[in-house]
1. Could you list all residues from region A:320-369 that are among the hydrophobic types (A, V, I, L, M, F, W, C) and not in a helix (DSSP H, G or I)?
2. Taking the residues in region B:43-83 that are of a type in the set (Ser, Thr, Tyr) and buried (at least 21 other Cβ atoms within 10 Å of the Cβ) as candidates, determine which candidate is nearest to the other protein chains (Cβ to nearest Cβ).
3. Only one residue in B:SER166, B:SER173 is farther than 23 Å from B:LEU28 by Cα and at pLDDT below 85. Which one?
4. Among (1) modelled with pLDDT of 90 or more; (2) within 23 Å of B:VAL24 (Cβ to Cβ); (3) surrounded by fewer than 21 Cβ atoms within 10 Å (Cβ to Cβ), there is one condition B:GLY98 misses while meeting the rest; what is its number?
5. Does A:ASP250 satisfy the condition of being more than 14 Å from chain B (Cβ to nearest Cβ), of a type in the set (D, E, K, R), touching a helix residue (DSSP H, G or I) at 6+ places or on another chain (Cβ under 6 Å) and in a loop (DSSP other than H, G, I, E, B)?
6. Got a sec? Which of A:ALA264, A:ALA309 is crowded, with 16+ Cβ neighbours inside 10 Å and in a loop (DSSP other than H, G, I, E, B)?
7. I'd like to check something: does region B:122-136 contain any residue that is within 11 Å of another protein chain (Cβ to nearest Cβ), over 13 Å from the mean Cα position of the chain (by Cα), closer than 18 Å to B:GLU50 by Cα and β-branched (Val, Ile, Thr)?
8. Which ones in region A:214-233 are within 14 Å of another protein chain (Cβ to nearest Cβ), surrounded by 21 or more Cβ atoms within 10 Å (Cβ to Cβ) and out of contact with any Pro (no Cβ under 7 Å at 6 or more places or on another chain)?
Amino acid sequence: MTEGDEQTLIINMGPQHPSTHGVLRVVLVLDGEYIVSATPVIGYLHRMHEKMAENRTCLQYMPNMGRVDYLNPLGWNWAYVGALERLAGIEVPERAEFIRVITGELNRISSHLVWFGAYILDLGAFTPIMYAFEDREKILDLLQPISGSRLTYSFFRPGGVATDVTDSFLKDTLVFVKYMRDRLPMYRDLVTDNIIFRKRCEGVGVLSLEMCQRYGATGPVIRGSNRPYDIRKAEPYSIYDRFDYQIPVDEKGDAMGRYRVRMAEMAESLNIIEQAVNRIPEGDHIVKKAPKPRWKAPKGEVYFAVEGARGKIGVYLISDGDKHPYRVKLRSPGFSNLSAFGELAKGHLLQDAVSILGSLDLVIPEIDR
Amino acid sequence: MTPEWMDGLKTLCKCRHTFKKTGVTWGLFLSPDTLVDAARRLFQSGFFLEDISALDSANGFVAVYHLSAYSGVDRVALHVIVPHDDPQIPSISAVYSGALWHEREAMDFFGIQFTSHPDPKPLLLPEDMTEHPLIKEDKDRVLLKDLLDPGEIVERDPDFLFFEESNSLTEESKSEGQ
């Protein structure tokens, strides 16, 4: 049976389908219940962030980063300031690096919690998202006083972070770490071991390593296919080499594998946060001569990558020595991960399309930019 | 020492970079017809395609391919320079399936044509849109040598003059200025 055959049925999933999380459209060609071909159609949330970079100054572009991926803004903050710092050779104070690690990992957990709740919701279970949002709320309450926002943070600055953290923030963070460690086993009992959930995910959407390489899949998606590729270890940046943590992998490569990797990652992030809070030194939170809004970046090209919640976030920046960047390219992990979907969904049941899409952890504004 | 995959690869210019400074270990300038060969070699050496971006310079459009190895710090940037009036580059989607979308994005933003792309329709922009938003006006275009730092040039084709102090294009613009 091929596409265009009289026996096939074309279904438009989206752009307003609840399991596409934003406005993604997937054109599905079905033979009965089986998917003959799946073609994602993107661009509904395209805002041309790369053009916006060219008509504002390097620092004015900061707030855009929170809007590229609203669930993991600090990952994007980090990639962008990292590119500017690498280009201009700015050294970041020790304390600022610790603050970045603590807030960045908190943000990774809050992003995974939204994915967790929404994924289970896609598969038909309503309760877990209520628990996940309760936990996420605690992270937002921690980050709000120091960053000034609850969702689209623009907290990092070239040379440090916008504000210093207080002792009460550090104390509350440790309380949260302890609280969250008690919650994760509950999630396992509630969801991970649930037989209905497992039947929807196990053996579904098996992604081979060869396919990961062809499509450039990164993050929990490639780690779910048993390759411990994590930018925090592979291209060490900031002070991640000083902490003791594992890179969770899963050998199955199916939707369940990607699920297990993200769940294990939350526990690892808690380990990193705990070590960082206990070891944070006194000092400045930003360098004395930090770039001002009209600062001119030096000439040259630079690439900086970080491990975001969804995978490898890359910022490629070219400056001609002016206040405005000459060109900024944003490499979003979801873009590459989603591009593999068409090949991944072929031959599966229609219901599996939902569990594969969810296992890729898509945030459409980040894919469309 | 050049890496093994580079042996026998025809390049216009081979540049070694310091990763700490630019985030790239090798920058290669290729002519369009050797691009697919380079991509194939990199694929076989275990590199994956991170992104394809382009930029608009006074010397033409430059398509930049970033590829990264899974093990350790190793990023290769392939540059292909094509003229503004006939921007044609072969598609590498037969090697890297992920390039299908990256190339469509570059078509949207710059109007670069990727020959032999199986499905060259707009990805992010509307299908009836004719403008390419990242193309710069002539007066805003900057010469490549003022944009990119070639790093340490290991090998250079004698005709590849974009990083020379006096290349034909700068001579022209100088004489225009007088």
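1. Within region A:320-369, the first condition is being among the hydrophobic types (A, V, I, L, M, F, W, C), and the residues that meet it are A:328, A:330, A:335, A:338, A:340-341, A:344-345, A:349-350, A:353-354, A:356-357, A:360, A:362-364, A:367.
Selection gives A:VAL328, A:LEU330, A:ALA340, A:LEU349, A:LEU360, A:LEU362, A:VAL363.
2. Step one: list which residues in region B:43-83 are of a type in the set (Ser, Thr, Tyr), which gives B:45, B:53, B:57, B:65, B:68, B:70-71.
Going one step further and asking which of them are buried (at least 21 other Cβ atoms within 10 Å of the Cβ), we end up with B:53, B:57, B:65, B:68.
Working: B:SER53: 4, B:SER57: 9, B:TYR65: 11, B:SER68: 8 Å.
Top of the filtered list is B:SER53.
3. Working: B:SER166 fails: farther than 23 Å from B:LEU28 by Cα.
Testing whether each residue is farther than 23 Å from B:LEU28 by Cα and at pLDDT below 85 leaves just B:SER173.
4. Looking at each condition in turn, B:GLY98 falls short on (3).
5. Details: more than 14 Å from chain B (Cβ to nearest Cβ): yes; of a type in the set (D, E, K, R): yes; touching a helix residue (DSSP H, G or I) at 6+ places or on another chain (Cβ under 6 Å): yes; in a loop (DSSP other than H, G, I, E, B): yes.
It is true that A:ASP250 is more than 14 Å from chain B (Cβ to nearest Cβ), of a type in the set (D, E, K, R), touching a helix residue (DSSP H, G or I) at 6+ places or on another chain (Cβ under 6 Å) and in a loop (DSSP other than H, G, I, E, B).
6. Values: A:ALA264 fails: in a loop (DSSP other than H, G, I, E, B).
After applying the criteria, what remains is A:ALA309.
7. No: region B:122-136 contains no residue that is within 11 Å of another protein chain (Cβ to nearest Cβ), over 13 Å from the mean Cα position of the chain (by Cα), closer than 18 Å to B:GLU50 by Cα and β-branched (Val, Ile, Thr).
8. Our first condition is that a residue be within 14 Å of another protein chain (Cβ to nearest Cβ); within region A:214-233, this holds for A:214-219, A:221-223, A:225-233.
Cutting the leftovers down to surrounded by 21 or more Cβ atoms within 10 Å (Cβ to Cβ) gives us A:214-219, A:221-223, A:225, A:229-231.
Within region A:214-233, A:ARG214, A:TYR215, A:GLY216, A:ALA217, A:VAL221, A:ILE222, A:SER225, A:TYR229, A:ASP230, A:ILE231 qualify.
The values are calculated or read from the model by the stated rules, or taken from the named source; none is laboratory data. If you're wondering where the values come from, they're calculated on a predicted model, not measured in any experiment. For neighbour counting, all protein chains shown are included, and Cβ atoms are generated from backbone atoms with ideal geometry for every residue, glycine included.
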